[in-house]
Structures are given as C-alpha cells and as structure tokens.
Amino acid sequence: MSDDTMVAAYRHDAHKMNGQPHDYAPKTFAGVPVNQTVPHGADGDASALSRPNGQPEQTVENHETLYRLSLIEGESRYDPQEFTRNGVECAVRELLTEDDPETIHRAWLD
C-alpha cells in the first residue's frame, strides 16, 4: 500500500471531528485534503467493526447521535462550549497535516 493511501486512510474520517456526515463535510481540514474515499472497501470494514448490522436494541441514549461514548468513562466527551471548530482544528492539526504515514500514526498514538 502506498504512503498516499495510508495518509488518506488516516484523514478519511476527519469529518467526525466536526460532527458532520461525509456528504456535508468540507473537502479540506487544516488546509489538507480530507474525507476522501479509501480503497479496498476499508471504510465499510471499519464501519462493520464499530456498528452492528440490522436493527439492534438501543441500550444507551447516544445510540442515535453522532457523539460516541468514552470506553473508559461511559459518557460522551462532547462539550459544545469546549469543542469549537478552531479548537478542534488546532488540537488535531498534527494528526492530519503530516504527509508521512509513520509520523501520522505516531501522532495518533501519542
């Protein structure tokens, strides 16, 4: 897999940092292309890992929202006062603006 493909995979779901669906998300974030299609059905595979098929029973309030729950705390980390577009962009700039997939990977881990 090429470096460009790996970088696109890391940048693929940047729209989630703004709480927007793919269809309405900006094509750039912090000045770099994001939300691009990834090859080999990777998006569908990732979706299958994070969401069950069919009509699962709703067990938590956030089931119907874009806001995920913390695996550690069981609560949403979303705070509309804290998470502004500029604040989010500043916080994740290094995660999305690097061009080297190993550097991006290290930034996500850190």
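So here's what we get for this one:
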| read-out | value |
| --- | --- |
| The range 5-20: number of residues that are open to solvent by 20 Å² or more (accessible area, probe 1.4 Å) and in a loop (DSSP other than H, G, I, E, B) | 3 |
| Qualifying residues in the range 79-93 (those that are outside any helix (DSSP H, G or I) and open to solvent by 100 Å² or more (accessible area, probe 1.4 Å)) - the one nearest to N35 (Cα to Cα) | E82 |
| Boolean, D79 is over 15 Å from the mean Cα position of the chain (by Cα) and modelled with pLDDT of 80 or more | no |
| Qualifying residues in the range 94-110 (those that are open to solvent by less than 100 Å² (accessible area, probe 1.4 Å) and not in a loop (DSSP other than H, G, I, E, B)) - the one farthest from D4 (Cα to Cα) | A107 |
| Residue within the range 21-38 that is of a type in the set (D, E) and surrounded by 11 or more Cβ atoms within 10 Å (Cβ to Cβ) present | no |
| Some residue of the range 43-59 being open to solvent by less than 80 Å² (accessible area, probe 1.4 Å), in a loop (DSSP other than H, G, I, E, B) and at pLDDT 80 or above | no |
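The values are calculated or read from the model by the stated rules, or taken from the named source; none is laboratory data. Predicted, not measured: the structure shown is a model, and the values here were computed from it. As a convention, Cβ positions derive from the backbone with ideal geometry for all residues, glycine included, and neighbour counts pool all protein chains shown. Keep in mind that these areas ignore ligands, DNA and RNA; they rest on the heavy atoms of the full protein, side chains included. Shrake-Rupley method; radii C 1.70, N 1.55, O 1.52, S 1.80 Å.
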